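*Asks:* Supplied in structure tokens, the structure appears directly below.
The values are calculated or read from the model by the stated rules, or taken from the named source; none is laboratory data. Everything quoted here is computed from the prediction, not taken from an experiment. We place every Cβ from the backbone using ideal geometry, glycine too, and count neighbours over all the protein chains shown. Areas reflect the complete protein model, heavy atoms only, side chains present, ligands, DNA and RNA absent. Shrake-Rupley method; radii C 1.70, N 1.55, O 1.52, S 1.80 Å.
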Amino acid sequence: MKIKKYIASTLKEGKTLIIEDLGSDAIILSNRTFTDKDGITKYEIVAAMDQAPNKSKQEKKPITQKQSIAGNETPKIKYPRAESAQDFDLTAKILSEINNINQKIENISDSMRYKFTGKQNKAGEILYKELRDTGFSESTAMTVIGKLTERNITTPDEFLSSATDILTEKIDIVPPFQKEEKRQVLCFTGPTGSGKTLTLIKLAVVAKLAMGADTFLISADTHKVGGSDQLQIYSTIAGIPFESAYTPDEISTILNREKKRDFIFLDTVGRNPRNQRQISGLLPYIDAAKPDITFYLCSAVNSQQNITRSIEDFSELGISSIILTKMDETYEPGIVIEAMKKVNYPISYISAGQQIPDDIFPAELDYLKNHIFEEKFKKSFTKKFAHIAGEAE
């Protein structure tokens, strides 16, 4: 059997190639569509032609399964085949219809998600889709595109830079805490799984190593088994004194005793943001600590609604600023950025990784801007922008 693969722009063209090369009795083994490097849909068709001798001249007795095993011969498997070019025409027509249906479904899906793309120029359309894919709302994406179209932008870098400026405006940033003459109490609050303990130890090590500060750790996360064990292990490794506090009175006792420290870091138990009673249960601990700064830990791998509503629920604890955690794990930075524009609290730190203390740094708008678009999109957009500009000329 002679087997060959053919690449064609259409099924009809593929059929012609096969008939010309192998004849009308060719067998279609498989076919598929793919997109080439230029983004053009192609068809790959594998066909075969039976070149076996005439059966009338060479009759062979069929080999049974038992005989084949004994003689170490593998029985041949016969596959269904198109008996003629007419069968191929029918198959090609069916495949073509299926491809058309799939394309229509994709178009409908895109039109629902990107329903305003037809109202922008090509560059705006590409950017609109990317903004929606990275978690920005439809209204935000449209606002950005609208503002960009009012500007005389001639380069792709300027186009993307202007977009990130618009997207991050009205986000407040506060400077990191600094060592002062008086002792400071820093309290860490937030939902379960937001990264409070790991973030606390990162900043405690920064305070000790970078500022030369005398630090002390308190864990009030004593309501679950092993709640304070993680912080105790980290504190031992870092060489920072640690103590657990089971009641608000114990926090007061520790603070009265440790007056000469530069920083006291207080870890609180994570709470379910939908359970206001649990959150209110933290108030006696906060009141006993009288923190100078109360951080709210916000996980970037969350929905915008969960972020904003959770911050609102924790606000009774007296939030000073927000620490964004798990920024390296999110595929949709737009969700976090939009949420930060809606809340009334500034960002103080960003945590992006598990390394202590390397993967935490003071919040910067430039970091948020740089993480809106991935590098592969920037490169792709630059190429397409040049093509669009060439068409316009």
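*Asks:* Grab the other residues whose beta carbon is less than 12 angstrom from that of residue 346, score K and R as +1, D and E as -1, and report the net.
*Replies:* Net of charged neighbours comes to +1.
*Asks:* Per residue, how big is the convex hull of segment 169-227 when only Cα atoms are used? Give it in Å³. Intermediate results must be reported in sequence, preceding the final value.
*Replies:* Working: hull volume 7.5 nm³, N = 59.
That works out to 128 Å³ per residue.
*Asks:* Sticking with this structure for a sec: Which entries in the list 122/376; 5/122; 182/342; 196/259; 5/376; 2/42 go over 28 Å, if you measure between the two C-alpha atoms of each?
*Replies:* The pairs that break the limit, which is 28 Å between Cα atoms, are 5/122; 182/342; 5/376.
*Asks:* Hey, got a sec? Which chymotrypsin sites (Phe, Trp or Tyr not before Pro) in segment 311-393 land in a DSSP loop and have at most 14 other Cβ atoms within 10 Å?
*Replies:* Passing sites in segment 311-393 are 331.
*Asks:* For segment 188-271, what relative contact order do you get, as a whole percent, if you take Cα pairs closer than 8 Å and at least 6 residues apart?
*Replies:* 47 percent
*Asks:* Moving on to the next point. Hey, what's segment 261-332 come to in accessible area per residue, 1.4 Å probe, Å²?
*Replies:* Working: 3100 Å² over 72 residues.
Result: 43 Å² of accessible area for each residue.
*Asks:* Looking at segment 131-179, which trypsin sites (Lys or Arg not before Pro) are DSSP coil and have at most 12 other C-beta atoms within 10 Å of their C-beta?
*Replies:* 151, 170
*Asks:* Further question: Quick one: grab the alpha carbon gyration tensor of segment 122-166, order the square roots of its eigenvalues as a ≥ b ≥ c, and give me rounded if a/c is under 1.5, else prolate or oblate depending on whether a/b is larger than b/c.
*Replies:* prolate
*Asks:* Return the subset of 129/379; 15/37; 208/290; 147/383; 37/379; 202/290 for which the Cα-Cα distance in this structure is over 19 Å, preserving the input order.
*Replies:* Pairs exceeding 19 Å: 15/37; 208/290; 147/383; 202/290.
*Asks:* Going by accessible area, probe 1.4 Å, with all protein chains left in place, what is the ranking of 371, 387, largest first? Walk me through the intermediate numbers first.
*Replies:* On the way: 371 85, 387 115 Å².
Output order, biggest surface exposure first: 387, 371.
*Asks:* What FRET efficiency do you get for residue 355 and residue 171 if R0 is 30 Å and r is their Cβ-Cβ distance, rounded to the nearest 0.05?
*Replies:* 0.70
*Asks:* Keeping every protein chain in place, order 384, 93, 378 by accessible area at 1.4 Å, biggest value first, i.e. largest first. Don't jump to the answer; show the numbers that get you there.
*Replies:* Values: 384 95, 93 135, 378 50 Å².
If we order 384, 93, 378 from most to least accessible, we get 93, 384, 378.
*Asks:* Among the aspartates and glutamates, select those whose C-alpha is under 20 Å from the C-alpha of residue 326, and discard any that sit fewer than 8 residues away in the same chain.
*Replies:* Straight-distance partners of residue 326: 133, 172, 267, 338, 358, 359, 364, 366, 374, 375.
*Asks:* Counting only Cα atoms, I'd like the Rg/Rh figure for segment 258-393, Kirkwood definition for Rh.
*Replies:* Radius of gyration relative to Kirkwood radius: 1.11.
*Asks:* Here is a further query. Can you give me the solvent accessible area of residue 340 with a 1.4 Å probe, rounded to the nearest 10 Å²?
*Replies:* Its heavy atoms expose roughly 10 Å² to the probe.
*Asks:* Which value, in Å² rounded to 10, gives the accessible area of residue 150 with a 1.4 Å probe and all protein chains present?
*Replies:* Rounded to the nearest 10, that gives 150 Å².
*Asks:* Looking at segment 253-305, which trypsin sites (Lys or Arg not before Pro) are DSSP coil and have at most 15 other C-beta atoms within 10 Å of their C-beta?
*Replies:* 259, 260, 274
*Asks:* Return one whole number: the accessible area per residue of segment 1-42 in Å², for a 1.4 Å probe.
*Replies:* On the way: 2810 Å² over 42 residues.
Value for segment 1-42: 67 Å² per residue.
*Asks:* Now, a different point. Whenever you get a sec, compute what percent of the accessible area on segment 254-375 sits on carbon and sulfur atoms (1.4 Å probe).
*Replies:* 42 percent
*Asks:* Please work out the Cα convex hull volume for segment 252-317 and give it in Å³ per residue.
*Replies:* Measuring per residue, one finds 93 Å³ for the Cα hull of segment 252-317.
*Asks:* If you add up the charges near residue 214, with Lys and Arg at +1 and Asp and Glu at -1, over every other residue whose beta carbon is less than 14 angstrom from its beta carbon, what do you get?
*Replies:* After counting each charged neighbour, the total is +4.
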